[in-house]
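Peer 1: Structure in structure tokens, see below.
The values are calculated or read from the model by the stated rules, or taken from the named source; none is laboratory data. Note that the coordinates shown come from a computational prediction; the quantities given were computed from them, not determined experimentally. Ideal geometry is used to build each Cβ from the backbone, glycine not excepted, and the neighbour counts take in all protein chains shown.
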Amino acid sequence: MPSRKIKRAQKSIPRATKLSARERWLAVLAKFTLNMEAPASKRYWAPDFECASHDRIGDIQNEKLAAMIPYLYEHSPFYRAKFKAARLRPKDIASADDLAKFPVTTKDEMARDVTAHRPWGTYTPIDDRRWRGHGWMVFSTSGTTATPRSFRYTSFDRELWARTSARALYAMGVRAGDSALTCTNYNPHVFFWSLHHALNLMNVTVIPGGVPTERRIQMIDLYRPTLLVATPSYSLHLANSMRQAGFDPVASSIAKVICGGEPASGVSSTRARIEQAWNAELHDVYGCTEAIPAGWAFTCREGLARDPVSTHVQEDLQIWELVDPDTFEPVAPGGRGLTVVTNLNSEGSPQLRFLVGDFATFDYGKCVCGRTFARAIGGFNGRADDMLNIRGLKLFPSVVEEIVRGFDHFGNEFQIVLETEGVMDSFTIVVELRDAADESLQARLSAELEAAVIRQCELRPRVSVVAPGTLPPTEFKARRVIDRRRAL
Ligand SMILES: [Zn+2]
């Protein structure tokens, strides 16, 4: 097993006084990662953490935080400048209770940093020397016009990533002997790579699906994988393509569809479509490129049977907070706010109060699965960045998705098209029929969709119903919003 680095780092703990900030940080990480190479029981991969009391989780968070802050301060000019601007010293953040003193870290701040310090920025504590000796993989945000925000993760991170993602997969019911078709094109997307290494660790065989859809259909037929790893949009496209090719996804070997990259289980009509299309359980993970590895929030098997679905955050690895969207002040317990994460589980990217920016509500009660990690009730259904402002009203594309996919007559693809008409926004929803339909049915569906959107979103859309196959199929992540509005 590739645990040499973790064991070596742990051995150095007794000599803690002689260690550098980096060595001390890695030793603490290693201490909490040992004995996580295999499941501890039939039900839990690492029950010492997954089912720990809130007090114990708090102690782990504080011990990690106390080692992480000096490391980050010493090695990241970006964070050092943030400390100085806030007139704080590293010792002022001694525990999770002190975190609110530190201003949240935004994507805009990072974007400015990377523009000034191409190509890596200074928001991670990895320098060129460390990277040359210990580099594993680069992940980045998509950036076609601006400089992408890039993240260098180390080989140490890869090991942490495999173990802690395995915990999440195990909670979904994934076991040795399963096999997974991973639908990805060798892209720098954290979702697939974290799962890939976890599946390796779990003795789950991986069928690399970096091939066209037709080959993926053939692979399902030939190799009979039990797990499908894909974005939710692509999992629906693949099921459709399978039917068109004369195969029945319902009768296929797929028993679980594991999604990431887009909201899935929290959008109930999308969840129903995926589960019905494959006759399989839908699970999903949630995280971000900035604060990985392995902070994936995940759905547990037992919790899936509850309504609404809930998503566990791995609290011994990350501290999750919810803040007010306007003031960034912490919301009261049980309140709704934007997600902020402090990543306690990474050499390459231990971010401090990073504003991920999804709206969520946390429940800190014990889950039916026995895990004590907090849960986002209803899952994570949209980043504040994706929120649209139409005629002064706020709208999440996932709300439109929920409504559209509640109509059996509509296919999986849809678009929201925004344009400027005079001084007003025009708001059009383009939906595709699943099968050809006569004009009177089209008119009825159009009126029903319009009424449903007005009822739930308080916005009147124009509805355009188009023939099957008109909209481009989603090959990876869906592009749902076409915003052609001009600034007035
Ligand atoms: Zn649970």
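Peer 1: In the stretch 467-481, is there at least one residue being touching a residue at least 24 places away in the same chain (Cβ under 8 Å), over 27 Å from the mean Cα position of the chain (by Cα) and more than 30 Å from Thr213 (Cα to Cα)?
Peer 2: No, because not a single residue in the stretch 467-481 is touching a residue at least 24 places away in the same chain (Cβ under 8 Å), over 27 Å from the mean Cα position of the chain (by Cα) and more than 30 Å from Thr213 (Cα to Cα).
Peer 1: Across the stretch 313-336, which residue is farthest from Ala376 (Cα to Cα) among those that are away from the ligand (no atom under 16 Å from the Cβ) and among the acidic types (Asp, Glu)?
Peer 2: Looking at the filtered set, the residue picked out is Asp326.
Peer 1: Given the options Glu290, Glu275, name the one that is assigned to a helix (DSSP H, G or I) and more than 16 Å from the ligand (Cβ to nearest atom). Can you show your working first?
Peer 2: Numbers: Glu290 fails: assigned to a helix (DSSP H, G or I).
Just a single option satisfies the conditions, and that option is Glu275.
Peer 1: Which ones in the stretch 390-406 are assigned to a loop (DSSP other than H, G, I, E, B) and among the small types (Gly, Ala, Ser)? Please lay out each step first, then the result.
Peer 2: As a first pass, look at the stretch 390-406 and keep what is assigned to a loop (DSSP other than H, G, I, E, B): 391-392, 396, 405-406.
Matches in the stretch 390-406: Gly392, Gly406.
Peer 1: Does Phe298 satisfy being in contact (Cβ under 8 Å) with a residue 60 or more places away in the chain, of a type outside the set (Gly, Ala, Ser) and on the phi > 0 side of the Ramachandran plot? Steps first, answer last, please.
Peer 2: Values: in contact (Cβ under 8 Å) with a residue 60 or more places away in the chain: yes; of a type outside the set (Gly, Ala, Ser): yes; on the phi > 0 side of the Ramachandran plot: no.
Considered against the rule, which asks whether it is in contact (Cβ under 8 Å) with a residue 60 or more places away in the chain, of a type outside the set (Gly, Ala, Ser) and on the phi > 0 side of the Ramachandran plot, Phe298 comes out as no.
Peer 1: For residues that are out of contact with any helix residue (DSSP H, G or I) (no Cβ under 6 Å at 6 or more places or on another chain) and in a loop (DSSP other than H, G, I, E, B), scanning just the stretch 248-272, find the one that is surrounded by the most Cβ atoms within 10 Å (Cβ to Cβ).
Peer 2: Selected residue: Gly266.
Peer 1: So, restricting to helices (runs of 4 or more DSSP H) that lie completely within the stretch 96-193, which ones have at least 3 residues that are more than 28 Å from Asp59 (Cα to Cα) and away from the ligand (no atom under 16 Å from the Cβ)? Outline the logic, then answer.
Peer 2: Values: elements: 107-116, 128-134, 155-171.
By residue number, 107-116, 128-134.
Peer 1: Tell me which residues, restricted to the stretch 351-373, are assigned to a loop (DSSP other than H, G, I, E, B) and under 22 Å from Ala46 (Cα atoms).
Peer 2: Listed by number, the residues that qualify are Tyr364, Gly365, Lys366, Cys367, Val368, Cys369, Gly370, Arg371, Thr372, Phe373.
Peer 1: Could you tell me which of the residues Ala66, Ala86, Ala100, Ala111 is in contact (Cβ under 8 Å) with a residue 12 or more places away in the chain, over 30 Å from Pro148 (Cα atoms) and either not assigned by TED's automatic domain parsing to the domain that holds Val341 or not polar (S, T, N, Q) (or both)? Before the answer, list the steps.
Peer 2: On the way: Ala86 fails: over 30 Å from Pro148 (Cα atoms); Ala100 fails: over 30 Å from Pro148 (Cα atoms); Ala111 fails: over 30 Å from Pro148 (Cα atoms).
None of the other options fit; the residue is Ala66.
Peer 1: Out of (1) of a type outside the set (S, T, N, Q); (2) within 13 Å of the ligand (Cβ to nearest atom); (3) part of a loop (DSSP other than H, G, I, E, B), the odd one out for Ala376 is which?
Peer 2: Among (1) of a type outside the set (S, T, N, Q); (2) within 13 Å of the ligand (Cβ to nearest atom); (3) part of a loop (DSSP other than H, G, I, E, B), the lone unmet condition for Ala376 is (3).
Peer 1: Hey, can you tell me all the residues within the stretch 301-312 that are farther than 27 Å from Phe139 by Cα, near the ligand (Cβ under 9 Å from one of its atoms) and crowded, with 24+ Cβ neighbours inside 10 Å?
Peer 2: Ser310
Peer 1: So which residues in the stretch 366-403 are exposed (fewer than 15 other Cβ atoms within 10 Å of the Cβ) and over 26 Å from His54 (Cα atoms), if there are any at all?
Peer 2: Initial filter on the stretch 366-403 (exposed (fewer than 15 other Cβ atoms within 10 Å of the Cβ)): 366, 368, 370, 385, 389, 391-394.
Residues satisfying the conditions are Asp385, Asn389, Arg391, Gly392, Leu393, Lys394.
Peer 1: Assess whether Thr339 counts as being out of contact with any helix residue (DSSP H, G or I) (no Cβ under 7 Å at 6 or more places or on another chain), at negative phi, part of a loop (DSSP other than H, G, I, E, B) and more than 16 Å from the ligand (Cβ to nearest atom).
Peer 2: The answer is no for Thr339.
Peer 1: Can you tell me which residues in the stretch 194-204 are touching a residue at least 24 places away in the same chain (Cβ under 8 Å) and either not assigned by TED's automatic domain parsing to the domain that holds Asp221 or not in a loop (DSSP other than H, G, I, E, B) (or both)? Show your work before the answer.
Peer 2: If we filter the stretch 194-204 for residues that are touching a residue at least 24 places away in the same chain (Cβ under 8 Å), which is where we start, we get 194-195, 197-204.
Passing the criteria: Ser194, Leu195, His197, Ala198, Leu199, Asn200, Leu201.
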